[in-house]
Structure formats: C-alpha cells, structure tokens
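Worksheet: one structure, shown below.
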Amino acid sequence: MKRRRCSDPIEKPRGADYPFKWAWGLALFLLFLACSRAYGDVGVVLNESLDTSVEWFTDSGHTAVYFSRICAESPVRLRPCRPGEEGSVMSTYENLGEDQRYGWNIVPLGVYVYGVRDARNRPVFGTEKIKSLLEDSYRNQSLADYCSGQNCRASKKAEWRYMVGAGMTRSMYIFVVRTTPQQDIELIEKFNSLPNQNHFNGMTHNCADFVKGVVDTYFPHAAHRDVINDFGMTSPKAVARTFTHYALSHPELKFYVLHFSQLPGTIRRSTETRNGIEMLYRSKILLVPMVIYADYELPMVAAAHVLTARFNPEHEFEHHPAVEVEPTSLASNGANSVANAGDFQTLHPVEMQDREEILGTNQEWEDYRQEFEDILQQALREEVIPNRRALRHYFEYLDRSGKAYADGRGALWLELTVGGKSERVGVSMDSILALGSDSQLAFALQLARVDQVLRSPRHRRESMMEFKEDWAMLESARDRYSEPAGSMTTSHSPVTQPSGAAGGAD
C-alpha cells in the first residue's frame, strides 16, 4: 500500500525462540533478501470500542498486530509476503468459532480493514448487509477448510467475522515501527512452530496480552500492562500507550501512526477506548455510586490516571501521521483515476514533508464545507435529493431498499426499485461510477458520504488526503449525472423520499 508520512527519511523501504532447521531459516532469509523492501513494519492496532458484549461496559476496545512483510499462508499459518502484497493483521479472540479452537487468525490488511483483498472493490459505505456479504465471500474463499460447521458458517457470534471489514464497525489506529528481515523470520518461525490453540482468558490472556507477547518477540519489554490503571489486567490502550512510549524513545525505529476512520454508513459509530480507571470515572452508570461511596478516593483515582496513563491516539496520529492511500492524483485526474484507485500491488512508499497535507488545516476543511454547500444546493434544485434530511437518511434508505451483491470481479452493487423501476448502483470504489451504475443514485450516494465526513468530529473523520479522493469522486459523479440524456453512461431515476424524512428542501 502507498504510505505517505511526515518526518520520514528520504527513503523509506517497505517491506523465547522456537527455530526450525537452519536450512528453513536460510531459505526464509534469502526470500526476504529477494524482496524489494529492506525493512518491514510491525504495529499495534488499537480498535475503538463497540456497543456490544463486555465492551459496552468497559469501552476497552480491541487490539491486534499489523505486519507489513508477513502474510497469511492460511488463516492459521504465517509466511513472508510476496511482492505486491500489502501485509496482514493477526489477532486473537475468545471464540473464533472455527472447527478447531484456534488461538489466532491472520488475514490480509485489506480484508481486515475493508473486507476485500483488492482495494478497488472496497465499499463506499458500510451496512450490516454489505459486511455480511463480504464475510461470506471471505469464508468461502479462505476459511472453507476451517469453517465447515453450521455454527461457524451461520452464527453471528463466531468472532472470525470481526476480522473481515473491521473498518465498517469501528475506527482504528495503528502504531508502527520498523523491523528487520531477521526479526520477521524469527516471528514466523516461532508462531508456525507453536500449537495454535485457544487459551483466551479475559483476566490473564486476553487480546492485549496476545499483542504484548507478539511485540515482545521483536522488542522485549516494549509493551506492558498498566497495573495501577487497569487493576492488574492488560488493556488494549495500555499496550498501545507503552509501545508508543518505547518507540518514541528509540528514534531509529522510525515510528509513525496510521488512522482508518470508521466507514460512513448505517452501523453505529464506535467510541474511544478507555483503560480501567477511565471507565470508572467516565461511566454514567458508576459515577453516582462512586461520588456517594468513594468521594475521597475519586480524586486520587483521577490523579493517578492524569499522572501515569494519559494517552490520546488522535494526538499521536496528528504528531506522527501517515496514510495508506494516495488520492492526490485523483483530485486532478478525475473519474478515470478514481476508477483505478487503491490497487495495493502498484503502490510504493514516498516521501512526505508536510503534516498538513495529510491532516488538512481547519481553514481547508471549512473551505470544503462551503464548496459542498454550493454543490448540495445545486443538487436540491435539480431534485437529485428531495431535502437535506433525506440526505442524512440516504444510507438507511439504500440499506432498507436495496439488495447487496458482488459481481464476478468482486465489485459491490445494490439492486433496488426506484419509482416502480428496477435500478442498480455501484457501492464500491470501482463500481460507483461504472457503466450500469445509475448516475443519480451514485451522485446522491457520494453526496451522503461527503456530508457525513464533513460533519464528523476530527477524531472520527478520514485524513485530508483520503477526503480528496472522496471529493474527486463527488465531482466525477456530479459531472456524470449532468451528461446529456441518452448517454450510455447516464440514467436518471427519481430518488424516492426516505421514510421519516418528509418535508421540502431546507
């Protein structure tokens, strides 16, 4: 994947022992040397909290491990990445739901974030229907030998599903440092030689303990638990915080942070992660009892957190930003560039000097909001959408009315009935502006996506570079809609009023 970051050197190549026989290690080492990347990366993935299971109460979130140069030979076995592969994410869960009680799975980075291997097919917006479609596709293609039972195939509680399209359900940060080929070889040998068995325990062997163990294979004692603020347990936020502190104290590791914002859509927005003490003094449920019964202890608890555990992932991203997409060419080249954007296999790291190019300035974001207002007013006049409220509910309208499917190339589509006529609209990056995608539906869909991004708070929105890709697609969708009637690429269908969005144009 193409990575841009500030404060990078002029060149940024990408990329307990359990050894195998020396010949196997030598073969791996030679394979790494044959790759174009002299260095790889390892990162701690910090996923925001979901409103499900124990996370509803603790807001602890989830954590996993990112590798730039280690890939999946299978979901339960590691290998070196081949040229053009984007890396992977490895994680443990209480119950992956597979035929055996595996302790961990590994998936390509694109599958983990977007639900697809080819970034051109990544969805434009997220719904439970689209995520389920991508989960089933991944299960058929990659999990067939590990997920044959009815519970694994059909149950929504099988936690392998959390590793497919996680970016639809929550935002995530990845705190990344450089690794050497030998370190990656040792990691592969260790995990391929150990039994992959599930020993998950929320108190002593949870997802954060797993990630801490992986990171310690590379850099001993780089991540550790926070005994005071997490009551003796290991939390995802503590691992991310301590790993970040370790990386910042070792400049040679070339620390940087990636941020993948939750995809716009109908799925409930994720929330910021918390450690144990944060959960106590920020919890609406526990605040009143603590004030009544622990009024003396509460200030001490808050002080302990301020002095020992303050950590803001968004601030770390803003100070050490990087992005995994390269949308700048899209803004100048229009629809043709958009249609071919995001191919992991053709992207290579480049130098980045200006932090604001990634993050955008407040004035730049405000300028886009004003320009969007002009485009929106034009769309309202042309009755692309009936009113602003309909735009805010447009994702729900598509989700309720449409049936999601993937074509032979893996591109995503929705079929729906509009004004008594069957229509379809592309809902992935490579299909939204494709031949056969209804131009009015596509324009309205991109309006809804850009509107949600511009209304999102800073820590929930995508980077400025990613947004420029959205903006280029919006302009291309508007131009395509405005093509003369009868054009082969244009079909105009009335957009019906979403329920609950009645009223005239605002």
Note to self: Given (1) at pLDDT below 95; (2) in contact with a strand residue (DSSP E or B) (Cβ under 9 Å, 6 or more places away or on another chain), identify the lone condition not met by H221.
What the structure shows: (2)
Checklist line | Meets criteria (surrounded by fewer than 18 Cβ atoms within 10 Å (Cβ to Cβ) and touching a Lys or Arg at 6+ places or on another chain (Cβ under 7 Å)) for E415 | finding: yes
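Of the residues Y256, Y296, which single one is at pLDDT 55 or above and of a type in the set (S, T, Y)? Steps first, please.
On the way: Y296 fails: at pLDDT 55 or above.
Just one listed residue meets the conditions, Y256.
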Next item on the list: Hey, can you tell me all the residues within the range 145-160 that are under 19 Å from W104 (Cβ atoms) and among the aliphatic types (A, V, I, L, M)?
Entry: A158
Check: Of the residues that sit in the range 73-112 and are polar (S, T, N, Q) and closer than 27 Å to H259 by Cβ, which one is surrounded by the fewest Cβ atoms within 10 Å (Cβ to Cβ)?
Finding: S88
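Can you find a residue in the range 440-460 that is of a type outside the set (D, E, K, R), farther than 17 Å from I385 by Cα and crowded, with 23+ Cβ neighbours inside 10 Å?
The first filter runs over the range 440-460 and keeps only residues of a type outside the set (D, E, K, R), leaving 440-448, 450, 452-454, 456-457, 459.
Now restrict to residues that are farther than 17 Å from I385 by Cα: 453-454, 456-457, 459.
Cutting the leftovers down to crowded, with 23+ Cβ neighbours inside 10 Å gives us none.
No, the conditions are met nowhere in the range 440-460.
Restricting attention to helices (runs of 4 or more DSSP H) lying wholly within the range 304-390, give those where 2 or more residues are under 23 Å from Q440 (Cβ atoms) and at pLDDT 50 or above. It would help to see each step written out before you state the result.
Working: elements: 313-319, 328-333, 335-339, 355-359, 362-381.
The helices (runs of 4 or more DSSP H) meeting that bar are 362-381.
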Margin query: Looking at (1) assigned to a strand (DSSP E or B); (2) under 21 Å from P80 (Cβ atoms), which one does V257 not meet, given that it meets all the others?
Written below: (2)
Check: Of the conditions (1) farther than 27 Å from V323 by Cα; (2) surrounded by 19 or more Cβ atoms within 10 Å (Cβ to Cβ), S431 fails just one. Which one is it?
Finding: (1)
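The values are calculated or read from the model by the stated rules, or taken from the named source; none is laboratory data. Everything numeric here is computed off the predicted structure, so don't read it as measured data. Glycine gets a Cβ as well: all are built from the backbone with ideal geometry, and neighbour counts include every protein chain shown.
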